[in-house]
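A short write-up of the structure that comes next.
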Amino acid sequence: MTPQDFLAIFNDDSQLFRFFFKSFAIIGSTLFVFYSLAVLRQTYMMLRTIEETGGSIMRIISWSQLIIAIILAFLAWIFL
């Protein structure tokens, strides 16, 4: 790819918008995965600190959030 080809991408406004949309979607979904990991870790630390045995619902919510975040990040990388 030559520099002229790269600059030709940004000549059209719709392509520029599409480039920024893809960039923000991929970066945002990746950050959401890291956020979900932090929430999962904090949930386990909280349950261990308060020594609660009935925290299975909180674990399920944390794990489901992480799974959804991974799926969204994967879909963003594949389709965008």
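This ranking places Ser36, Ser56 by how few other beta-carbon atoms lie within 10 Å of each, fewest first, which gives Ser56, Ser36.
Cα convex hull, the chain: 92 Å³ per residue, rounded to a whole number.
Once the Cα atoms are used to define both axes, helix 56-79 deviates from the longest principal axis of the chain by about 10 degrees. In the chain, the longest principal axis of the Cα atoms and the axis of helix 13-50 are about 10 degrees apart.
In the chain, helical runs assigned H by DSSP with n ≥ 4 each contribute -39500 (n - 2.57); averaged across all residues and rounded to the nearest 500, the mean residue ellipticity at 222 nm is -30500 deg cm²/dmol. Using R0 = 35 Å, the C-beta based FRET efficiency linking Ile57 and Thr30 works out to 0.80.
No value in this document is a laboratory result; all are computed from the given coordinates. For clarity, every value in this text was computed on a predicted model and none was experimentally measured. Neighbour counts run over all protein chains shown; Cβ positions are idealised from the backbone, glycine included.
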